[in-house]
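The values are calculated or read from the model by the stated rules, or taken from the named source; none is laboratory data. Only a predicted model underlies this, so the values are computations on that prediction, with no experimental measurement involved. We place every Cβ from the backbone using ideal geometry, glycine too, and count neighbours over all the protein chains shown. Side chains are part of the model used for accessible areas, which takes the heavy atoms of the whole protein and leaves out ligands, DNA and RNA. Shrake-Rupley method; radii C 1.70, N 1.55, O 1.52, S 1.80 Å.
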Amino acid sequence: MSSQGSVSRQSKEEQDLYEMKKAAAEFYRVNRVPQEIERALGQLLLLQPQDLYGYLADYFTNLSAPPRISRLKGREVYDASGQLSIEAEVFCIVCNKEKSMSSAAVSSHSAPMETSLDWKAKSQERVDHVVTAVQWINEPLNSMLKDQNPCAQSEIDHILSFFMARYLEEKTRNRENSCSPSQPEVVAPSPTPMQTKEKKNADKVKKSNMAEKPFVPAEPSEPVLHGSLAIGSLSLAVVKTGAQIQGIPLYKYIAALTGREAPTQFHIPASLVTLLSCGKTSPGKLNLLKEVILIPKMGQGVKQIITMTLELQKEMMRIVNSSTKAGAPQAVVCDSGAPTVSYERPEQPLDLITEACSNLELTLGTDIHLAVNCAAHELMDYSKGKYEVATGVLKSPDELADMYQTLICKYPAVVALIDPFRREDADQWERLSKATGHTCSLISDITYKSQAPPLPGVRGFILKPVNETTVSDLICITSKHKGSVLMGTTSSEPCNEESLSDIAVGLGLDYVILGGLSGAQRMLKYNRLISIEEELAQQGILVSKEKHPLRCSMEKPRSRTERTV
């Protein structure tokens with residue numbers, strides 16, 4: 001009796017073992033495990049690599065399921081100017097394990113230079129902006145992007161843009177519902193105290209000076225949506241993740257995303273370096289020259305450009321210090337990473353550069369050219385309707401146009417003016433462009449007005465990755481303005497983000513503006529550009545773009561008529 005029970009138990013165990021082996025064999029067969037193992041062992045015997053198990057690990061890793069986004073993480077960090085910002089981190093499931101793939105941050109620059117003195121309110125607004133962005137990443141966007149393919153950049157950017165559009169729609173609907181029947185419907189943000197003051201001052205100027213051309217009041221600034229920083233940071237983190245998964249440098253991955261054939265050759269954008277600053281925050285009376293920027297001769301390497309710039313700045317500072325009276329303030333480094341000096345007239349810094357070039361046997365107009373970032377929107381005195389180009393020196397838009405013409409004639413090495421007027425002074429943009437012809441390009445910073453129609457006379461555009469700007473947006477804008485976009489940075493750059501250099505190379509841009517040669521956040525980008533240049537040279541796919549200076553490489557300016565077509 002007991003022997004029969006033992007045989008029965010043994011038979012059951014054998015049956016279970018048989019069924020398990022049968023199930024295993026079917027499982028392996030369906031998943032082609034024996035075939036892959038046989039192929040791997042065959043290749044291993046054929047190649048006989050030094051690291052046998054390393055080879056097998058790589059072989060089977062290539063057969064693993066493609067990574068999928070498992071979760072996102074947003075955290076508060078501080079940028080290079082000590083302002084609160086955010087960093088977005090992407091996690092993926094890789095070989096059945098969760099892995100942190102990449103993190104990224106974009107500039108939290110919220111608007112063109114703020115003139116309001118209510119810094120406490122602005123500081124709190126920034127905090128709200130960052131807190132909302134972190135909440136977006138950790139909650140709704142975390143759910144929306146879960147299980148998405150991190151290599152599907154356009155689809156993910158579409159989801160991010162859809163989220164922004166839906167949020168704006170809900171915000172508008174809530175605002176409309178909160179209006180009582182007796183109240184007018186709110187369809188636009190209320191003007192800030194500064195905008196109200198500007199409007200009153202503009203009206204005052206119109207009444208007090210009817211003989212002059214009517215003063216055009218400032219356009220309402222486009223409000224920065226709280227939380228929008230999450231969109232740009234996530235888009236950048238995802239594109240870095242995609243490049244890491246593909247096992248290729250970020251610039252090559254971005255080049256593939258542009259939709260054109262994978263380039264077999266690359267060129268390095270010419271680095272436009274800030275030489276000097278004499279803007280509104282400089283110690284002297286001069287406000288007009290926020291940045292004087294060196295434009296190198298095409299074909300020069302990044303190291304060569306940096307070395308030349310440092311030598312030129314050293315000679316400039318020697319001249320300044322030798323001519324400065326004892327006890328007087330000398331040059332200091334400003335937010336753009338360049339030295340700033342005390343001057344009263346715009347000719348003085350240009351004369352300084354001319355003298356320094358002459359001492360170093362550099363020919364202005366041949367070895368180097370210059371661009372001037374005027375940042376005119378920061379100089380408008382709305383109580384008088386004029387630009388304050390220096391303390392106590394006011395110029396109407398027409399007078400400022402005349403001043404630029406005089407400077408360009410006197411200093412022909414100046415081949416580009418960046419934001420010489422406010423956007424509202426469209427007549428002067430067109431007039432100055434016609435007057436300067438091909439000798440000087442007018443360039444507009446479209447970071448905050450990327451969807452606005454181009455200004456008349458504009459030949460080039462500066463674009464900075466900020467807030468809700470996605471990688472797909474950058475690709476779209478640069479393809480729309482092909483050959484005329486310069487990538488730029490802000491004064492509040494992330495501390496450890498070097499991706500801008502990869503983006504500029506990947507998009508095939510001719511120029512990139514990284515600021516002065518001071519500050520870790522800027523030198524990180526310059527060093528990355530050097531690294532890319534050396535890598536491309538070693539691979540034999542680096543080419544030099546022999547082009548004329550900036551003024552000749554931009555697109556033909558549009559007239560008012562062409563803009564309205």
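Summary table
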quantity	calculated
In segment 269-297, residue modelled with the lowest pLDDT [restricted to those that are open to solvent by 30 Å² or more (accessible area, probe 1.4 Å) and not in a strand (DSSP E or B)]	T281
Meets criteria (within 25 Å of I541 (Cβ to Cβ), open to solvent by 10 Å² or more (accessible area, probe 1.4 Å) and not in a loop (DSSP other than H, G, I, E, B)) for I306	yes
Extreme residue, nearest to the chain's Cα centre (by Cα), among residues of segment 141-167 that are modelled with pLDDT under 95 and surrounded by 13 or more Cβ atoms within 10 Å (Cβ to Cβ)	S161
Scope segment 387-409; condition among the basic types (K, R) and under 31 Å from the mean Cα position of the chain (by Cα); matching residues	none
Filtered residues of segment 38-75 (kept if open to solvent by 40 Å² or more (accessible area, probe 1.4 Å) and in contact with a strand residue (DSSP E or B) (Cβ under 6 Å, 6 or more places away or on another chain))	R68, R71, K73, R75
Of all residues in segment 475-485 being hydrophobic (A, V, I, L, M, F, W, C) and touching a strand residue (DSSP E or B) at 6+ places or on another chain (Cβ under 7 Å), the one that is modelled with the lowest pLDDT	V485
1 or more residues basic (K, R) and within 22 Å of G232 (Cβ to Cβ): qualifying strands (runs of 3 or more DSSP E) within segment 1-107	68-78
Extreme residue, nearest to the chain's Cα centre (by Cα), among residues of segment 459-488 that are β-branched (V, I, T), surrounded by fewer than 24 Cβ atoms within 10 Å (Cβ to Cβ) and assigned to a strand (DSSP E or B)	V466
Cβ pairs under 6 Å, 6+ apart, first in segment 507-536 and on the phi > 0 side of the Ramachandran plot and touching a residue at least 40 places away in the same chain (Cβ under 8 Å), second open to solvent by 30 Å² or more (accessible area, probe 1.4 Å) and among the acidic types (D, E)	none
Scan of segment 238-268 for residues that are in contact with a helix residue (DSSP H, G or I) (Cβ under 8 Å, 6 or more places away or on another chain), among the β-branched types (V, I, T) and surrounded by 24 or more Cβ atoms within 10 Å (Cβ to Cβ), ordered by number	V238, V239, I254, I268
Flag if P184 is modelled with pLDDT under 55 and in a loop (DSSP other than H, G, I, E, B)	yes
Pairs where the first residue, in segment 462-477, is farther than 17 Å from L250 by Cβ and the second is in a helix (DSSP H, G or I) and among the small types (G, A, S), C-beta under 6 Å, 6+ apart	N467/G232; E468/G232
Selected residue (criterion: nearest to G365 (Cα to Cα)) from residues of segment 387-420 that are of a type in the set (D, E, K, R) and buried (at least 17 other Cβ atoms within 10 Å of the Cβ)	D419
Condition check for L514: of a type in the set (A, V, I, L, M), in a strand (DSSP E or B), surrounded by 24 or more Cβ atoms within 10 Å (Cβ to Cβ) and modelled with pLDDT of 90 or more	yes
Residue in segment 402-415 that is in contact (Cβ under 8 Å) with a residue 12 or more places away in the chain and closer than 23 Å to T490 by Cα present	yes
Scan of segment 421-458 for residues that are under 20 Å from T490 (Cα atoms), touching a residue at least 40 places away in the same chain (Cβ under 8 Å) and open to solvent by 10 Å² or more (accessible area, probe 1.4 Å), ordered by number	R423, D445, T447, Y448, K449
Identity of the residue in segment 523-559, at pLDDT below 55 and not in a loop (DSSP other than H, G, I, E, B), that ends up surrounded by the fewest Cβ atoms within 10 Å (Cβ to Cβ)	C552
